[in-house]
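Quick note: the coordinates plus some simple rules give every number you see, no bench work behind them. Computed from a prediction, not measured in an experiment: that's the story for all the values here. Ideal geometry is used to build each Cβ from the backbone, glycine not excepted, and the neighbour counts take in all protein chains shown.
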Ligand code: BYC
């Protein structure tokens, strides 16, 4: 979108920029990095995109925990690819955030200092191999439900990043489902392991959608700006309705005695979520909060040499590209003269 042109003979005032922005959002146009946008819109996007990016890279930890113990080479290769995909998602999202004028370093510093959040879900442990399946099916499933509408987010770079992320998440969800299906059709011990994982991940997955609508501080404004397209409760309900038949096909149960079809609503009713647990996890008191953040800080410190080497390499390339080419008169190759000249004594070709 190109924000509304000012009147030809004068610069636009703040209210004209605001009106142009409002009109663009109302017309379903995309806001792009160079367009004018309200400070609060920019700040909300930075908050949400950063939290999303942090979730992707912290989210690598629980599953990476099982790479060395995957039960077969095939499962190991799939899991490595999935964890790598999450790193890639982090990259797309940090890049999207950078278009808003914040650097990746700045955002990582805030994650490490605990002043920016990542998803509550990654503060739970992966106790058995079946947890890899439960994360794929439920956590990636919840992520897709939340993220598909973000492909229509009003901010262009975020919306475009989400398109690719959602395609990959949908593969992740299927691998989790397939893994759980194999376990649930396996031995009694394997089926029990799958059921136990689903029992532990179900409620935290429902919390991923955020607090209930009447306690969601940002939803109303984010929906008015078309950053969010649906409320937290709407998406949570959609997720429950999707999961119930999938659980039945898996031969597993969802750990909620109040879960039942409501004919009148045409949706499933489900039990009360423990919002006190959610609030404790957000305060840093979940089972793995400390471990996740200390591991992240350590990985960042241990990766310092890689960043330094990559920067040195990039500087070298830049220098090489901007150095005088040493072109021979009449040469069209642009290569330095000493490289194009045949070495002494070389056979004529
Ligand atoms: N965890 O006003 P609300 C993945 C915070 S990664 C932690 O409703 P909003 C994957 C919220 O930030 C999945 N905090 O907020 C990766 C706010 O706090 P502040 C990550 C939460 O933004 C690897 C306060 O609660 N997905 O799929 O309108 C492997 C009030 O909430 C949570 C995304 O990040 C939470 N669950 O709505 C496998 C999606 N929920 O900032 C899988 C993008 C809420 O005021 N994000 N809070 O201190 C969103 O769609 C929205 O930000 C949310 C929250 C729906 C999460």
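A few comments on the model shown:
- Value of relative contact order over the chain, rounded to a whole percent, pairs C-alpha under 8 Å and six or more apart: 15 percent
- Considering helices alone, the calculated mean residue ellipticity of the chain at 222 nm is -18500 deg cm²/dmol, with DSSP H runs of length four and up weighted by -39500 (n - 2.57) and normalised per residue.
- Over the Cα atoms of segment 10-80, the radius of gyration divided by the Kirkwood radius equals 1.35; this is the Rg/Rh ratio.
- Most to least packed among 123-129, 262-268 [average Cβ atoms within 10 Å]: 123-129, 262-268
- Packing, taken as the mean count of other beta carbons within 10 Å per residue, orders the peptides 308-319, 41-52 from highest to lowest as 41-52, 308-319.
- Relative exposure of 122, 278, judged by other C-beta atoms within 10 Å (fewest first): 278, 122
- Helix axis angle, 73-98 relative to the chain longest principal axis, alpha carbon, degrees: 70 degrees
- Helix 156-184 axis versus longest C-alpha principal axis of the chain: approximately 50°, rounded to the nearest ten.
- Prolate/oblate/rounded call for segment 151-225, Cα gyration tensor, a/c under 1.5 rounded: oblate
- Rounded, prolate or oblate (a/c below 1.5 giving rounded, otherwise prolate when a/b exceeds b/c) for segment 1-152 by Cα gyration tensor: prolate
- Mean projected area (nm²) of the alpha-carbon convex hull when segment 255-325 is viewed from all directions: 10.9 nm²
- Of the peptides 57-69, 248-260, the order by per-residue mean of other Cβ atoms within 10 Å, starting with the highest, comes out as 57-69, 248-260.
- 20 °C / 1.002 mPa s Stokes-Einstein diffusion coefficient of the chain, Kirkwood radius on C-alpha pairs, µm²/s: 92 µm²/s
- Residue of 109, 39, 140 that the Gaussian network model of the chain assigns the largest fluctuation, springs spanning Cα pairs under 10 Å: 39
- Neighbour counts of other Cβ atoms within 10 Å put 132, 148, 306 in the fewest-to-most order 306, 148, 132.
- Principal axis box of segment 180-281, alpha-carbon based, largest edge first, Å: 50, 35, 24
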